[in-house]
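This report concerns only the one structure given below.
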Amino acid sequence: MKKRRNHDAGFKARVALEAVKGERTVSELAAEYGVHPTMIHQWKKALLEGAAEIFERGGKKAPEVDEDTVRVLHAKIGELAVANDLFVTKAQALDRQVRRGMIDKNHPSLSVGAQCRLLSISRSSFYYELMGETAMNLDLMVKIDKQFLETPFYGVQQMTWHLQNEGHTVNYKRIRRLMRLMRLMPIYQKPDTSRPVKGHKTYPYLLGGLRVERPNQVWCADITYLPMRRKRSLGPTVASA
């Protein structure tokens, strides 16, 4: 049976301070000092709860620590905690790709896993590399872009039919993904075009109850869409009753 090891207060304080600094992971400290990670967590908690009276055993009071040393330790702990919170808060507000580029694989103190935890990035996603589009998809994107310049009103279904008629074996799912990737949005008349904007004046209907009995008695004006080769344009219209 393996004999249980007893560590003195100085050894515990030294290990707990290393854990508070956060420069190395608990697993790395456990491997270096030959103790279980759970004990390091307990010693760190005891150090943070009270640096004056820590690691008492059996009612025997540990040697008193100098007050100046206690103040220095508390100041160091507070400084590290504030700096860590500030760094994590600012880093997490950055874009994921920016945070991914901040990780240093050759950092002397922090492992890749510890850096990923600080930056809120999954370690598996850090090692993942995008495959990119295949040569077939790149060729389809070129054809879609060329056809879209000619027919900007083509949606997913029409673009799929066009490519299938040219002999390409594609379905609408692939074309939808590629058009979204290229940010291509077809031009079409959207619903609710007559919905008034909030704050605009609503004019009354002036022909209510009026009996139209002769030509040129009532005139009205409106606007309409005029289809063109490259785009659509608005044009005025005048009608009489």
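The C-beta contact set for the stretch 167-188 (first residue free of Cβ contacts under 8 Å to residues at least 24 places away in the same chain, second residue part of a helix (DSSP H, G or I) and surrounded by 14 or more Cβ atoms within 10 Å (Cβ to Cβ), distance under 7 angstrom, 6+ apart or interchain) comprises Asn171/Thr160; Tyr172/Val156; Tyr172/Thr160; Arg176/Val156. Taking the stretch 226-241 as the range and being more than 15 Å from Pro152 (Cα to Cα), modelled with pLDDT under 70 and not aliphatic (A, V, I, L, M) as the test, only Ser240 passes.
Picking from residues in the stretch 19-41 that are of a type in the set (S, T, N, Q) and surrounded by fewer than 14 Cβ atoms within 10 Å (Cβ to Cβ), the one that is modelled with the lowest pLDDT is Ser27. For the stretch 47-99, which positions are part of a strand (DSSP E or B) and modelled with pLDDT of 70 or more? Scanning the stretch 47-99 gives no hits. Tallying residues that are free of Cβ contacts under 8 Å to residues at least 12 places away in the same chain and within 41 Å of the chain's Cα centre (by Cα) within the stretch 6-30 yields 4. Taking the criterion of being more than 14 Å from Glu49 (Cα to Cα) and touching a Leu at 6+ places or on another chain (Cβ under 8 Å), no residue of the stretch 66-81 qualifies.
The residue that is farthest from Asp95 (Cα to Cα), counting only those in the stretch 106-116 that are free of Cβ contacts under 8 Å to residues at least 60 places away in the same chain and surrounded by 15 or more Cβ atoms within 10 Å (Cβ to Cβ), is Val112. In the stretch 117-185, counting only helices (runs of 4 or more DSSP H) that sit wholly within it, the ones holding 3 or more residues that are surrounded by 15 or more Cβ atoms within 10 Å (Cβ to Cβ) span 135-150, 156-165, 172-181.
The values are calculated or read from the model by the stated rules, or taken from the named source; none is laboratory data. Everything numeric in this text was worked out from a predicted model, so none of it was measured. Cβ sites come from the backbone with ideal geometry, for glycine too, and all protein chains shown count toward neighbours.
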